[in-house]
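Colleague: I am attaching a structure below and will ask some questions about it afterwards.
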Amino acid sequence: MRSTHTSRGRHWDGSPHTQGRRRALRVAADSPTRLLRTAQHRRCRHCGNQVEWHTTVTQRPIPLHPAELPTLIVPAPDRWHVASGVAHHADDGTPWCRITHPTLCPAHTTPQTLTPALDELRRRLALRTRRLLDTGAFTPGEQPLPETAEPDICRPARPVVQLLYSRYLAARPVEDIQCVAQTIRRTRCPHPLLTPGTTPGRWTLAPATLHRTRRQLALPAADIAVYDLGRLPYSEQLRWRTQHCPIHATTQSAPDLALAEWEPFDPLLHHAFLATRLPGSDQQHR
Ligand SMILES: [Zn+2]
Ligand SMILES: [Zn+2]
């Protein structure tokens, strides 16, 4: 991504000033991400303040405070920087750095001890939350993610999917996983990954862990339902991993409008989502 991020032209809370010429963003050939924007702007669902979701080297999205801060006021363990659209947990030697939003989030009931400058910033975010609440512009907990799932439902809300020798927890049912690419109309592609003409994966019952570690030996021995894409050609598995419909899997120049939603599956962490029965009565365990 060629876009650079500076604290110039921004309000104190990181929201951009509206003046200024719009410029076209494009995907650099050497960019590790096809996300059109350096970040996905959303609102913290706990406090209502703006956050920027960035992808990290481990592909796990991280919410950052939208503005850069002077490195001097941020303790070293809390410093982040963004390079080529990817967030790195370190400073880059410049006088500016980034910080995660949860470090500052005023909705956290047990906040960590902050430096006076960061405490002041947190206080200003808290004032903004109160103003949003007073004007009815924000309701805490809006756009909640599904936190729990029935252990024995026919269509898992967040299925476990196996592809490229890894397992991921999907953000939504398999049929509802949507392409992240941008269309020529600059909207997000409406096509699902599982379109007619593509080979679907296969539901199977399998042990909860691919490679059992010492930590996971305490897990129940029962098999779990896994949507297995591992038998598809490599290119198809890669298409699912990058979350593209068949059209956008072949058009490399199309930028992405959203992050791929895969979360690395952890049988202990995601225990609430484990299904022990295969979805649909026509699916056989082979
Ligand atoms: Zn927050
Ligand atoms: Zn698409």
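Colleague: Sorted by mean Cβ packing within 10 Å, highest first, what order do the peptides 170-183, 75-88 take?
Modeller: 170-183, 75-88
Colleague: Still on this structure, I have one more. For the stretch 250-263, what does the Karplus curve 6.51 cos²θ - 1.76 cosθ + 1.60, with θ = phi - 60°, yield as ³J(HN,Hα) per residue in whole Hz, taken in order and with x for Gly and Pro?
Modeller: Along the stretch 250-263, the couplings run 9, 8, 5, 7, 6, x, 9, 9, 9, 7, 4, 9, 5, 10 Hz.
Colleague: Further question: Along the positive direction of the dipole of the stretch 37-135 (beta-carbon charges: Lys, Arg +1; Asp, Glu -1; about the Cα centre), which of 129, 95, 75 reaches farthest?
Modeller: So the residue we want is 129.
Colleague: Considering amide H positions built from the backbone, and no H for Pro or chain starts, which residues 5 or more places from residue 51, or on another chain, come under 5 Å of its amide H?
Modeller: Sorted by chain and number, the residues that satisfy this are 42, 43, 44.
Colleague: Using the beta-carbon distance between residue 41 and residue 266 and R0 = 35 Å, what value does 1/(1 + (r/R0)^6) give for FRET efficiency, to the nearest 0.05?
Modeller: Step by step, r from the Cβ atoms, then E = 0.80.
Colleague: Using only the Cα atoms of the stretch 37-135, what are the Rg and Dmax in Å?
Modeller: 13.3, 41
Colleague: Could the peptides 132-138, 232-238 be put in order, highest first, of the mean number of other beta-carbon atoms found within 10 Å of their residues?
Modeller: 232-238, 132-138
FYI, it's all coordinate maths here, none of it is from the lab. The structure presented is a predicted model; accordingly, all values stated were derived computationally and were not measured. Glycine gets a Cβ as well: all are built from the backbone with ideal geometry, and neighbour counts include every protein chain shown.
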